[in-house]
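Here is the structure we will look at.
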């Protein structure tokens, strides 16, 4: 989309969005600076087919060897805190397959499977496999570090839950929280969701399988709620919820019951219901993403300006009619 910073209204909106993003970034840094979680009961756990002495096994063409050097060198540093937040030590035996371009990336899909055309990274947790691409569908370079962090987060949730089903919105929200991918476009998308009356997390999962715009809205809402839950319920709460699912608890019941900071892991301390937590989160959305943020999009800003011009014209014409009638 185009950007015309010279327009005063657009500049003000962009400044407000930047402030919101800065606040979100500072909150993420502050949370990451807390004392790391101790290893939980699933520390070091692995599910088939995870096996091997090294945390990652890399497969990529020689043509991108120079690009891969940095990612391979940083991989364990990126992955360690993602695993630790869910009470895991380093998971081993994850296979990472990296393609040079998007066409080759789509060809990496296992037989009988297909990757979304708009995707830049895919994880198949039951197979212990991560797929990445150096260039996206438009030919632009991807941020391999962030995408890798996102996909490792999927592995972390899968292993910590013992392979038990966890809602897709939580899996994606946790991944965005860990990778820091929340973008200005997603801030705009969140403002649009709020303007339309919000979103139901329970009904959100199917949106991740839709086309890119629908998925973008789902990713933004999921990330915002997981961040809200961690801030409201205490950083250890995420690990407790996933561990409870592993032990057979209902995910939504566990999210409400375990929303209490400082209690022993799994202690049956009454908490808010999930629906009450979701309502509190939704109320906060209106403050964090006011409706006017939708006008960060120049197209919407131009359309709104056009409407105001028409309304002004009609008002002036009406005043002239009144003046003529009074003569």
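Where in segment 165-267 are there helices (runs of 4 or more DSSP H), lying wholly inside it, with at least 3 residues that are surrounded by fewer than 18 Cβ atoms within 10 Å (Cβ to Cβ) and either in contact with a helix residue (DSSP H, G or I) (Cβ under 7 Å, 6 or more places away or on another chain) or modelled with pLDDT under 85 (or both)?
On the way: elements: 168-179, 184-195, 212-233, 237-246, 251-257.
Helices (runs of 4 or more DSSP H) meeting the threshold: 184-195, 212-233.
Can you confirm whether segment 98-120 contains a residue that is more than 20 Å from residue 49 (Cα to Cα), touching a helix residue (DSSP H, G or I) at 6+ places or on another chain (Cβ under 7 Å), at pLDDT below 95 and surrounded by 21 or more Cβ atoms within 10 Å (Cβ to Cβ)? I'd like the intermediate steps shown before the answer.
Quick first cut of segment 98-120, residues more than 20 Å from residue 49 (Cα to Cα) only: 99-107, 114-120.
Filter again for touching a helix residue (DSSP H, G or I) at 6+ places or on another chain (Cβ under 7 Å), leaving 99-100, 115, 118, 120.
Remaining after also requiring at pLDDT below 95: 115, 118, 120.
Remaining after also requiring surrounded by 21 or more Cβ atoms within 10 Å (Cβ to Cβ): 120.
Yes.
Looking only at segment 57-88, which residues are part of a loop (DSSP other than H, G, I, E, B) and surrounded by fewer than 16 Cβ atoms within 10 Å (Cβ to Cβ)? Lay out the reasoning, then the answer.
Filtering segment 57-88 for residues part of a loop (DSSP other than H, G, I, E, B) gives 60-61, 85-88.
The answer is 61, and nothing else.
The values are calculated or read from the model by the stated rules, or taken from the named source; none is laboratory data. On a predicted model such as this, the values are computed, not experimentally measured, just so you know. Reconstructed Cβ throughout: ideal geometry from the backbone, glycine too, with neighbour counts over all protein chains shown.
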